[in-house]
Amino acid sequence: MATFVLIHGAYQGGWIWSPVASRLRAQGHDVYAPSLDGCAERSSQVRPGITTETHAEELVELMRYEDLDDVSLVGTSSGGMVLARVAERARERVRRIVFVDALALLSGETIRDIVSGAAIDASEVATGPRPGAMLEALSASMDADLAKWAADRFGQHPAAVFNRPVVLDSFWDQSWDATVIWCREAPNPGHAHQQRCAEKLGARWHELDTGHYPMLSTPDQLTRLILEG
């Protein structure tokens, strides 16, 4: 059986992976889906200095303390940025990487270079969706009850993740067993960005007819693609 570390994106927490995590565990796999520093149930800890790189270091230490090897890293949205940093920092522990409608920035790029038009409430420390924005976005791809359940859990995300350039020392120079899954109905991060990732990594390419949150809207299909590689 495989070991999975599922990495959430901006405004989210480990909770967003619950439907996929339960399906993977039901098949006997070992699954970790932590909430990153300053996010979700850890939002009271948000502060200056939380970055993509500090988020990645958390997961590197998680894998070390839990003695995780042959790990499949799965990242969505801004979690793709964290995934890349984790992978290069813990190369010996990583077997596969899976980008799920994810940002895969080059070193020196910022989210703002790729994503535009986001409706947010921002401060120097944290940023998040404006009131009502998530319910509107989620309702387009899932039933009303699920959309409300999820919208109630979205929150703020450390601002430096958006504003500071990503630091990657060797990720794009290495060879990876990689998969990219593009969600056709999601405007961001978009086809061109994810195609660039797939081409640079020589990754397998899959597409889903859903919005940006397939772990909620199409968990069966997403789980199957994660397992298939």
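The values are calculated or read from the model by the stated rules, or taken from the named source; none is laboratory data. Just so it is clear, the structure is predicted and the values come from calculations on it, not from any experiment. Here the Cβ is made from the backbone with ideal geometry for all residues, glycine too, and neighbour counts use every protein chain on show. SASA here: full protein model, heavy atoms, side chains in, ligands and nucleic acids out. Shrake-Rupley method; radii C 1.70, N 1.55, O 1.52, S 1.80 Å.
Overview of results
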quantity	calculated
Those residues of the range 135-167 which are in a loop (DSSP other than H, G, I, E, B), open to solvent by less than 70 Å² (accessible area, probe 1.4 Å) and under 24 Å from GLU53 (Cβ atoms), in sequence order	PHE154, GLY155, ALA159, PRO165, VAL166, VAL167
Any pair with Cβ under 6 angstrom, 6 or more apart, that starts in the range 26-47 at a residue that is at negative phi and ends at one that is in a helix (DSSP H, G or I) and aliphatic (A, V, I, L, M)	VAL31/ALA21; VAL31/LEU24; ALA33/ALA21
Some residue of the range 168-185 being in contact with a Phe, Trp or Tyr (Cβ under 7 Å, 6 or more places away or on another chain), surrounded by fewer than 20 Cβ atoms within 10 Å (Cβ to Cβ) and either touching a residue at least 12 places away in the same chain (Cβ under 8 Å) or of a type in the set (S, T, N, Q) (or both)	no
Qualifying residue in the range 83-93 (condition: in a helix (DSSP H, G or I), acidic (Asp, Glu) and either touching a residue at least 60 places away in the same chain (Cβ under 8 Å) or in contact with a Pro (Cβ under 6 Å, 6 or more places away or on another chain) (or both))	yes
Hits in the range 96-134 (condition: in a strand (DSSP E or B) and open to solvent by less than 10 Å² (accessible area, probe 1.4 Å))	ILE97, VAL98, PHE99, VAL100, ASP101, ALA102, ALA126, THR127, GLY128
Hits in the range 186-203 - residues which are open to solvent by 60 Å² or more (accessible area, probe 1.4 Å) and assigned to a loop (DSSP other than H, G, I, E, B)	PRO187, GLY202
Residue match in the range 81-88 (condition: in contact with a Cys (Cβ under 7 Å, 6 or more places away or on another chain) and either surrounded by fewer than 18 Cβ atoms within 10 Å (Cβ to Cβ) or at pLDDT 95 or above (or both))	no
